[in-house]
Amino acid sequence: MDLQPSISLKTITDITGATTESDTDLQVTGLNEIHMVRKGDLTFVDHPKYYAKAVNSKATYIIINKIVDCPEDKVLILHSDPFAAYVELVKKFRPFEPAVSTVSPSAEIGEGTVIQPNAFVGNHVKIGKNCLIHANVCIYDHTVIGDNVIIHSGTILGADAYYFQRKPEGYRKFESCGRVVISNNVEIGALCSIDKGVSGDTFIGTGTKFDNHVQVGHDTYIGNNCLIGSHCAIAGVTRIEDDVILWGKVVINKDLVIGKGAIILATSGVDKSIEGGKTYFGIPVEEARKKWRELAALRMLPSVLSELRKLLPKE
């Protein structure tokens with residue numbers, strides 16, 4: 001999440017109660033989780049396993065629970081509970097804003113766009129030209145939608161990321177401050193759900209089409225001209241490149257890459273990144289021709305076993 005305008009390091013320490021030995025007039029330009037950070041951003045780390053990843057990332061400011069060696073251009077901010085400090089900052093700079101009307105006065109809606117009755121358009125939403133938003137669509141705050149987009153009834157854009165930290169006392173919610181960004185000429189079927197990014201964007205590329213009942217997790221990138229079939233479930237931080245086709249009930253695990261032009265046949269499960277330009281099937285997926293040969297061999301197995309039994313000596 002960008003901070004506009006930027007804020008001083010002193011403001012960060014005043015809000016969180018953290019301490020630092022660096023110049024408190026330094027300016028923080030964004031809040032981001034570790035895999036999304038850029039120069040000028042603030043992130044957090046609270047486990048020794050990830051200390052090195054955090055201090056060697058692009059982030060300039062790191063909230064951490066222990067002083068560690070780090071490059072000279074990094075600023076350590078010491079706090080006993082970095083997760084809690086980061087969440088406090090998210091709540092401060094991207095607070096929940098209650099709605100005052102069905103279509104927020106702060107929403108920007110382009111010429112020729114139609115909002116059907118009972119659709120909800122939240123605060124600071126941007127919708128382009130010549131879109132059609134059907135009844136009972138829910139568009140959460142800060143969502144961005146391009147031109148010529150169709151969204152069918154019951155779809156929800158921008159729900160919080162499904163992201164929790166497990167503790168002995170229970171689960172702590174990682175507050176979301178990202179967005180959903182929908183490009184031009186996208187069509188999204190009925191009863192779909194696209195979660196906002198934790199700190200960045202969940203992105204849907206130009207010309208991509210969704211069937212009904214599709215779930216897209218936080219910070220996922222879906223490229224241009226993709227087809228996503230009914231009941232597909234795509235976990236967070238996944239990258240689906242251009243021209244990919246997912247047929248019905250495909251399930252994709254988190255943090256994977258689906259290569260350009262890949263086709264995944266219905267009811268498949270993807271547990272690892274796959275190359276583009278090929279057709280896949282199965283749980284877990286393999287190239288479809290290979291999987292079909294395996295299935296054909298399995299169908300032959302009973303008769304093969306029967307023949308083997310005939311060769312065994314009789315008792």
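Read the figures in this text as sums done on the coordinates, not as results from a lab. Here the structure is a predicted model, which means the values were calculated and not measured. Reconstructed Cβ throughout: ideal geometry from the backbone, glycine too, with neighbour counts over all protein chains shown.
Give me the Debye-computed log₁₀ of I(q)/I(0) at q = 0.14, 0.17, 0.21 Å⁻¹ for region 186-315, equal point scatterers on Cα only, no solvent, two decimals. Relative scattering, expressed as log10 I(q)/I(0), comes to -0.60, -0.80, -1.15. Convex hull volume of the C-alpha atoms in region 2-93, normalised per residue: 82 Å³. Pairing the Cα long axis of helix 288-311 with the longest principal axis of the chain, what angle in degrees results, from 0 to 90 and rounded to the nearest 10? Result, in degrees: 40.
The GluC sites (Glu not before Pro) of region 6-94 that meet both conditions, a loop assignment by DSSP and at most 12 other Cβ atoms within 10 Å of the site Cβ, are GLU21, GLU72.
In units of the compact-protein estimate 2.2 N^0.38 Å, region 172-224 shows a Cα radius of gyration of 1.14. What is the calculated FRET efficiency for LYS173 to LYS92, with r their C-beta to C-beta distance and R₀ = 22 Å, to the nearest 0.05? So the FRET efficiency works out to roughly 0.90. Charges were assigned to the Cβ only: +1 to each Lys and Arg, -1 to each Asp and Glu. The resulting dipole of region 2-93 about its Cα centre is roughly 280 debye. Longest stretch of the chain clear of exposed loop sites (trypsin sites (Lys or Arg not before Pro), DSSP loop, at most 12 other Cβ atoms within 10 Å, sites excluded): 67-271. R0 = 41 Å: FRET efficiency of GLU108 with VAL68, Cβ-based, nearest 0.05? That pair, GLU108 with VAL68, gives E of 0.40. Does anyone have the angle between helix 82-93 and the longest principal axis of the chain? Alpha-carbon axes, 0 to 90°, nearest 10? Orientation of helix 82-93: about 70 degrees from the principal axis. Take the alpha carbon gyration tensor of region 114-261, find the square roots of its eigenvalues, order them as a ≥ b ≥ c, and report rounded if a/c is under 1.5; if not, report prolate when a/b exceeds b/c, else oblate. In terms of gyration-tensor shape, oblate.
Annotation: the residues SER57, SER176, sorted from fewest to most other C-beta atoms within 10 Å of their own C-beta, follow the order SER57, SER176. Projecting the Cα atoms of LEU301, VAL270, GLY282 onto the charge dipole of region 270-315, computed from C-beta unit charges around the Cα centre, puts LEU301 farthest toward the positive end.
When all alpha-carbon pairs of region 58-167 are counted, what percent fall beyond 18 Å? Here the tail beyond 18 Å accounts for 61 percent of pairs.
Taking a threshold of 22 Å on the Cα-Cα distance, which of the pairs LYS209/LYS260; LYS126/LYS209; LYS49/LYS167; LYS10/LYS92; LYS209/LYS278; LYS126/LYS173 fall above it?
With Cα atoms farther than 22 Å apart: LYS126/LYS173.
In the chain, a dipole from Cβ-located charges (positive for Lys and Arg, negative for Asp and Glu) runs towards its positive end, and of ALA52, HIS124, ILE63 it is ALA52 whose Cα lies farthest in that direction. The share of C-alpha pairs in the chain whose separation exceeds 33 Å stands at 39 percent. Rounded to the nearest 20, the size of the Cβ-charge dipole of the chain about its Cα centre is 1300 debye, with Lys and Arg at +1 and Asp and Glu at -1.
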